[in-house]
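Below is one structure, written out as structure tokens; the observations come after it.
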Amino acid sequence: MSVLAAVAVDTESFALGRVLDAGDTETRIELTQFVPLDGDLMPYFWATHSADLDTFERRVRDDPRVEALTNLDGGVDRTLYRIEWTEGLDGFLSALYANPVFVERASGTADEWTFRLRADSQDALSRFQQDCFEAEVPIDVRRIVHNPIPSEPDLYGITDKQATALSLAFEEGYFHVPRETSQTELAERIGISRQAFSRRLDRALDTLIENTFMMKVDIEGEGKSGDGRELDRT
């Protein structure tokens with residue numbers, strides 16, 4: 001039975017986080033996948049930047065722990081990179097490499113990194129936690145879902161593309177009053193039309209509400225709650 005876990009790690013306890021952050025408060029990092037190579041994990045990540053891109057790349061490449069930083073793809077303010085190491089894995093990455101635990105999504109700021117992990121079993125997740133503890137890497141386990149539906153890549157049933165749209169809208173102040181951005185601007189950020197972004201955002205919100213607030217609604221008894229009581233529609 002696989003297990004999904006949402007965990008957080010202080011940036012200071014995560015070597016990759018320290019390399020990519022280094023006091024930079026204007027660049028947001030999203031890890032996409034880790035590729036095992038010669039005993040190491042080679043991370044791929046997106047950097048969303050509002051500051052000078054050349055400065056970010058030069059700072060990362062100048063770090064003695066970085067063997068190479070490769071610019072793979074990107075747009076005006078979002079770039080995909082691959083990073084290679086000059087030294088061994090840190091405690092967190094070593095724990096990932098040593099156990100059947102995989103990173104499905106990760107993002108970081110100057111203070112904290114959050115990860116969505118998938119483990120083959122509860123035992124695998126427990127061993128990963130123990131390895132982190134022994135490496136003196138404190139992790140904060142915030143949510144665990146046992147036996148998640150394989151077709152649902154997210155803890156709440158939304159797809160990766162829907163999650164990206166929802167997260168971007170939240171981060172850019174779309175839900176603020178008054179709004180700080182528009183759907184047109186958000187759509188341009190991820191390279192799709194405004195109509196496509198609107199549909200993606202609507203589906204994400206609909207699924208999120210259905211899988212959180214509406215989980216107790218009895219779908220076989222319209223108008224009744226999960227315990228059989230009539231719902232107040234006023």
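The values are calculated or read from the model by the stated rules, or taken from the named source; none is laboratory data. Just so you know, these numbers come straight off a predicted model, no measurement behind them. In this analysis, Cβ positions are derived from the backbone assuming ideal geometry, glycine residues included, and neighbour counts consider all displayed protein chains.
Cβ-Cβ contacts under 7 Å between residues 6 or more apart (or on different chains), taken from a first residue in segment 113-124 that is in contact (Cβ under 8 Å) with a residue 40 or more places away in the chain and not assigned by TED's automatic domain parsing to the domain that holds Phe102 to a second residue that is in a strand (DSSP E or B) and of a type in the set (Ser, Thr, Tyr), are absent. Contact map, segment 182-210: residues that are under 18 Å from Asp77 (Cα atoms) paired with residues that are among the basic types (Lys, Arg), Cβ distance under 6 Å, separation 6+ or inter-chain. Pairs shown: Gln183/Arg194; Thr184/Arg194; Ala187/Arg194.
Can you tell me which residues in segment 106-149 are outside any strand (DSSP E or B), modelled with pLDDT of 85 or more and either closer than 19 Å to Ile29 by Cα or touching a Cys at 6+ places or on another chain (Cβ under 9 Å) (or both)?
Listed by number, the list holds a single entry, Pro138.
Condition (residue is part of a helix (DSSP H, G or I), crowded, with 18+ Cβ neighbours inside 10 Å, of a type outside the set (D, E, K, R) and modelled with pLDDT of 80 or more) applied to segment 45-60: is it met by at least one residue? Within segment 45-60, one or more residues are part of a helix (DSSP H, G or I), crowded, with 18+ Cβ neighbours inside 10 Å, of a type outside the set (D, E, K, R) and modelled with pLDDT of 80 or more. Across segment 155-189, what is the total count of residues that are outside any helix (DSSP H, G or I) and of a type in the set (Lys, Arg)? Qualifying residue count, segment 155-189: 1.
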